[in-house]
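The values are calculated or read from the model by the stated rules, or taken from the named source; none is laboratory data. Worth saying up front: this structure is predicted, and the values here are computed from it rather than measured. All Cβ positions, even for glycine, are placed from backbone atoms using ideal geometry, and neighbour counts span all protein chains on display.
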Amino acid sequence: MLNYTNKKVYERTALRINPVKTCQPVGAMYAALGVHRCLPHSHGSQGCCAFHRMFLTRHFKEPAMASSSSFTEGASVFGGGSNLKTAAKNIFDLYDPDIIAVHTTCLSETIGDDLNALITEMKIPEGKYIVHCNTPSYKGSHIDGYTNMVSGFINNLAEKGDETNGKICVFPGFVNPGDVREYKRLLNIMKIPFTMLPDTSGVMDSPMTGKFEMYPKGGTTIKEIKDIGNCTMSLALGLKASEPSAQVLEKKLKIPYKSLDLPMGVEATDKFIMTLQEITKEEIPYSIEEERGQLVDIMIDIHPYTYGKKAAIFGDPDTVLGITAFVLELGMIPKYVVTGTPGTDFVERANLLFKKFGVDGCIAKESGDLFLMHQWIKNEPVDLLIGGSYGKHIARAEDIPLVRMGFPIIDRYIHSYVPLVGYKGAMRMAEFITNALMDYQDSHCKEEDLEVVM
Ligand code: SF4
């Protein structure tokens, strides 16, 4: 399908072809689904809401429940205030959530609907809540929408009590429920009391019970979110997706924060574990040391297959930087590193990684697209693609194996249940990468070179 992509790169300033991102409300909806008994609400037309739900449902293979203000021509001209009021009443009457999380869309942003004023004027049933955030989709990406919604929960709900609750607040970043479960496992092993915001585990990876549940068991509770104001500190995992929310919490309620890269690969996970160790002041349990040692053992074993191999990595900024760091730890060369999400520190941080590992000729790009990455590959090929499902056309056109990691993965299964973070997640990344390279070798080598023992 992409066989005719032109090698020659022309400068494009006003056109993205296959952008490596989606719109802000997708992220806002995902964040809201990580709050227990919360119904995400899209303040715009039904088409937007259907698209955001579909996008999440295709990646997580779970129903993404959400409602819409159902704008038609009237709301587009006169504003969506009355639609929102009617919607909130119907939602509380029919679907009985504890909380509605409203995000805007391009249309309501362009009209200029003031969500704060509209919600303040509404009659909200006793014990129920409506929170909101702005997610104009003509700037930023789903990562900004995710961050805006998490910050919206803090702005609207978190409050300071008289005494500390002894917990830390963990902002997990835009990751899969399987990653959230891995954080929780490690925090529990380290015996650190925490509140995870949002917590999509148990919601977007809920088990088959034979019974439909509009609000699955998982998610951060409203009580926990309110109590975040009494945490001793917050830990932002992923600088792009989580740090802004930690800053909002610090500004609003003076909760200090520490930011870390997503704990992907050896060094980033070491930093995460060492940070937890600084919090507990206890010795790191042997079970964690053992996992680390197993990972290093695996990396040594697979080194002959990974060393010097070139990869093109694309997706969300925090995830791409995490994968890039791990790929470098494997002795590979992250030749092209691309995110569609805007933010210039992505390029700076990628360049720092290239420098640290002494690799030359690698290119990082923010606000990029897959068309440009394909053109680069045509000029100088790579051995491996690492990213979401939209890379499969390039993989087919250029006969390069694609390892699916990140978001969205809409043509494979199970990815959302198992982690990429932590030492366990790095083992899984190592397995995917090595298997892809070895499968390629098996299918492309001369018959007489085909080895059973590798
Ligand atoms: S109109 Fe805007 S909010 Fe709606 S789907 Fe398109 S980009 Fe997203």
Tell me which residues, restricted to the stretch 172-220, are free of Cβ contacts under 8 Å to residues at least 12 places away in the same chain and of a type in the set (A, V, I, L, M). Met208
Of the residues in the stretch 335-348, how many are surrounded by fewer than 21 Cβ atoms within 10 Å (Cβ to Cβ) and without any contact (Cβ under 8 Å) to a residue 60 or more places away in the chain? 3
State all residues of the stretch 125-142 that are more than 9 Å from the ligand (Cβ to nearest atom) and either assigned to a strand (DSSP E or B) or surrounded by fewer than 15 Cβ atoms within 10 Å (Cβ to Cβ) (or both); if no residue qualifies, say none. Pro125, Glu126, Gly127, Tyr129, Ile130, Val131, His132, Cys133, Lys139
I'd like to know if the stretch 440-449 contains one or more residues that are touching a helix residue (DSSP H, G or I) at 6+ places or on another chain (Cβ under 7 Å), surrounded by 15 or more Cβ atoms within 10 Å (Cβ to Cβ) and assigned by TED's automatic domain parsing to the domain that holds Gly293. no
Single match in Phe51, Phe60 (criterion: farther than 22 Å from Met196 by Cβ, aromatic (Phe, Trp, Tyr) and within 20 Å of the chain's Cα centre (by Cα)): Phe51
Of the conditions (1) more than 13 Å from the ligand (Cβ to nearest atom); (2) closer than 24 Å to Met208 by Cα; (3) surrounded by 23 or more Cβ atoms within 10 Å (Cβ to Cβ), Thr57 clears all except one; give me its number. (3)
Residues of the stretch 64-80 being surrounded by 15 or more Cβ atoms within 10 Å (Cβ to Cβ) and not hydroxyl-bearing (Ser, Thr, Tyr), in sequence order, are Ala64, Met65, Ala66, Phe71, Ala75, Gly79, Gly80
So for the stretch 81-94 (the condition being surrounded by 13 or more Cβ atoms within 10 Å (Cβ to Cβ) and outside any helix (DSSP H, G or I)), does at least one residue qualify? no
Kindly indicate whether Leu385 is of a type in the set (A, V, I, L, M, F, W, C) and in contact with a Ser or Thr (Cβ under 9 Å, 6 or more places away or on another chain). no
In the set Met332, Met299, the lone residue that is within 26 Å of the chain's Cα centre (by Cα), closer than 19 Å to Lys424 by Cα and crowded, with 20+ Cβ neighbours inside 10 Å is Met299
